[in-house]
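A short write-up of the structure that comes next.
The values are calculated or read from the model by the stated rules, or taken from the named source; none is laboratory data. Bear in mind the structure is a predicted one, so any value in this text is a computation, not a measurement. Counting neighbours? That spans all protein chains shown, and the Cβs are built from the backbone with ideal geometry, glycine included.
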Amino acid sequence: MKVDKHLFRALVQFWNLAYSCFTFEKIDLVPTIEKYMALLRCSKIQVDKAYSRAVNVPIFLKKLMNITGMSE
């Protein structure tokens, strides 16, 4: 799946860090774990397992930074 980087950068502007969701005026949207997996191309996440942090933090952050165009 190819990620539209321009669209992803636009979505980042609506990300609410305090609540870990997207906020559009008065509406909050929370992506499902499947959506995160598709966006970050992570196939090793088990959907029936609870995670308190990313499976592999350095790889997760690297992929997220690559998609959003951020640097370390």
Those residues of region 29-40 which are modelled with pLDDT of 70 or more and of a type in the set (A, V, I, L, M, F, W, C) amount to Leu29, Val30, Met37, Ala38, Leu39, Leu40
Give the number of residues within region 1-28 that are of a type in the set (A, V, I, L, M), at pLDDT 70 or above and exposed (fewer than 12 other Cβ atoms within 10 Å of the Cβ).
-> 5
